[in-house]
Every structure is written in structure tokens, then in C-alpha cells.
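Working notes, beginning with the structure itself.
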Amino acid sequence: MSSEDEMVACFLRGELSSRRFGQNLRSHLAAAGQTEQLLTHPDLSDTGANFARRALLAATRGYGENRDLFENFPTQVTWTRALLSADEAARVRYLNYSYWVELSGGSRRPADAAARIKAGIRAFDVPNEPFVDAAHALIGGERFPPLILLGEGQDNLVCLEGHLRLTAHALVGFRIDIECLIGTAPTMGRWAQ
């Protein structure tokens, strides 16, 4: 089992290293008088730190405020740690967001995105090098933070956080099991992108 506090910590840790979201997150950390250690070394037994992380995710992505990425997100979610096999990982879909839809040629499947990246196709003229770099890091033995996946049950999962890492796994053919947190709720279909 896992918890909401672990998901929030995991989400923020993943975004801290993101080229797209990292700087905004650092700005919010500074404004809240917090250091990166809140995210890089989370103490899930510290109630105050958990509250600070939830407030940070609310400020940056709308968590718990029914807005932005978390619009229509269920309030009661069961969180579980899991390892995805290659077959399970190949069935995970991207969020229904224009960039990921375009990158995957409309399928929202990472394997389709990987094939397009290998063919030199760019989504909205955004360079593919970050995916290739992450794939090389995987091949070199680097371990990534857990992906965060969502669904009404354990199948038909959508990636909430970790799209670049998921794509890197697809680029190397889903050779290793993927650590993830899976959030399930009967009402996840209202959010499910």
C-alpha cells in the first residue's frame, strides 16, 4: 500500500527535475520559505511537511482545489505501490493533452510515441532530445522515480506524472519493470483524461 502523502511527495520530486515544471516549483518553494530538501528527502511521518507539500502541489498544479491538472479528481483515492511488467507498461496511456496526443500520433500510447521519436517526428516542433537522453540514462543503469498512474481499477491506466520517463522506457523497449504508484477510484473516469 501507499498513501496520498507519498503520491504528493513523489509527484513533486518528479516535477522538480523537469525542464518544464522545475523552475516554477522552485519559485513556489522559495516563496513558501522551503528548501528543495522538502521534496528530495521527504519525511512522510512529518505532518507539517506533508501539509507543506500538499499546499505546494495545490499552488502549482491545482491539487485538492478542483482545478488545472486535478480538475474533477476524486477525493477518495486508494494508492498502491507496484512494479509494472513490460506488457502492463505498454498498455498505459498518456494524459489526453495535446502534446502527448500529437507525439503518439493520436493513440496516447508511449510505444507509438517512441516509434515516432525514432523516426525523427517532433510534436509541435519540440525537440525529442530529452526523451533520448532519458533512454540513454536508463540503458546506463539510472533508476527513475516512480511513475504515477491512475485508473478506476488496476488496468486501463493513464499516466498522471512521469510522461518523459515512461517514454524513455518505451524507447528502450520496456526492458525492465517500472516502479510506480497507482491511484484507483470508482469515480476516476470523471477525471480520466
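The values are calculated or read from the model by the stated rules, or taken from the named source; none is laboratory data. Given the structure is predicted, the values throughout are model-derived calculations rather than measurements. Backbone-built Cβ (ideal geometry, glycine too); neighbour counts: all protein chains shown. For accessibility, only protein heavy atoms count, side chains too; no ligands or nucleic acids. Shrake-Rupley method; radii C 1.70, N 1.55, O 1.52, S 1.80 Å.
Put simply, of ARG54, ARG81 the only residue that is closer than 14 Å to GLU4 by Cβ, touching a strand residue (DSSP E or B) at 6+ places or on another chain (Cβ under 8 Å) and of a type in the set (Lys, Arg) is ARG81.
Could you please let me know if LEU83 is open to solvent by 40 Å² or more (accessible area, probe 1.4 Å), under 23 Å from LEU12 (Cα atoms) and in a strand (DSSP E or B)? Let's see the steps before the verdict.
On the way: open to solvent by 40 Å² or more (accessible area, probe 1.4 Å): yes; under 23 Å from LEU12 (Cα atoms): yes; in a strand (DSSP E or B): yes.
Yes, satisfied.
Kindly evaluate PHE70 against the criterion of being crowded, with 17+ Cβ neighbours inside 10 Å and farther than 20 Å from PHE144 by Cβ. Step through it out loud before you land on a result.
On the way: crowded, with 17+ Cβ neighbours inside 10 Å: yes; farther than 20 Å from PHE144 by Cβ: yes.
Answer is yes for this residue.
In segment 1-58, the qualifying residues are those that are of a type in the set (Val, Ile, Thr) and open to solvent by 80 Å² or more (accessible area, probe 1.4 Å), and the one that is nearest to the chain's Cα centre (by Cα) is THR35.
GLU88 meets the stated requirement of being open to solvent by 50 Å² or more (accessible area, probe 1.4 Å), under 25 Å from ASP133 (Cα atoms) and acidic (Asp, Glu).
Scanning segment 91-104 for residues that are aromatic (Phe, Trp, Tyr) and in a helix (DSSP H, G or I), we see that the one that is surrounded by the most Cβ atoms within 10 Å (Cβ to Cβ) is TRP100. Among the residues of this structure, GLU161 counts as one that is open to solvent by less than 60 Å² (accessible area, probe 1.4 Å), closer than 19 Å to LEU12 by Cβ and charged (D, E, K, R). Looking at segment 164-175, can you tell me whether even one residue there is open to solvent by less than 20 Å² (accessible area, probe 1.4 Å), small (Gly, Ala, Ser) and in a loop (DSSP other than H, G, I, E, B)? No, there is no match, as no residue in segment 164-175 is open to solvent by less than 20 Å² (accessible area, probe 1.4 Å), small (Gly, Ala, Ser) and in a loop (DSSP other than H, G, I, E, B).
So which of ALA30, ALA49 ends up being in contact with a helix residue (DSSP H, G or I) (Cβ under 9 Å, 6 or more places away or on another chain) and part of a helix (DSSP H, G or I)? Talk me through it step by step, then tell me what you get.
On the way: ALA30 fails: in contact with a helix residue (DSSP H, G or I) (Cβ under 9 Å, 6 or more places away or on another chain).
Result: ALA49 is the single residue among ALA30, ALA49 that is in contact with a helix residue (DSSP H, G or I) (Cβ under 9 Å, 6 or more places away or on another chain) and part of a helix (DSSP H, G or I).
Note on segment 108-127: among residues that are in a loop (DSSP other than H, G, I, E, B) and basic (Lys, Arg), the one that is farthest from GLY173 (Cα to Cα) is ARG122. Just one residue in the set GLU142, GLU65 is at pLDDT 95 or above and part of a loop (DSSP other than H, G, I, E, B); that residue is GLU65.
Every residue, every condition in (1) more than 29 Å from ASP5 (Cβ to Cβ); (2) in contact (Cβ under 8 Å) with a residue 40 or more places away in the chain; (3) in contact with a Gly (Cβ under 7 Å, 6 or more places away or on another chain); (4) open to solvent by less than 60 Å² (accessible area, probe 1.4 Å), yes or no:
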{"position": "GLY106", "(1), (2), (3), (4)": "yes, no, no, yes"}
{"position": "ALA114", "(1), (2), (3), (4)": "yes, yes, no, yes"}
{"position": "ASP125", "(1), (2), (3), (4)": "yes, no, no, no"}
{"position": "ALA135", "(1), (2), (3), (4)": "yes, no, no, yes"}
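Cβ-Cβ distances below 9 Å connect the following pairs, each with a first residue in segment 70-83 that is on the phi > 0 side of the Ramachandran plot, a second residue that is exposed (fewer than 14 other Cβ atoms within 10 Å of the Cβ) and not in a loop (DSSP other than H, G, I, E, B), and a separation of six or more residues or different chains: ASN72/ARG190.
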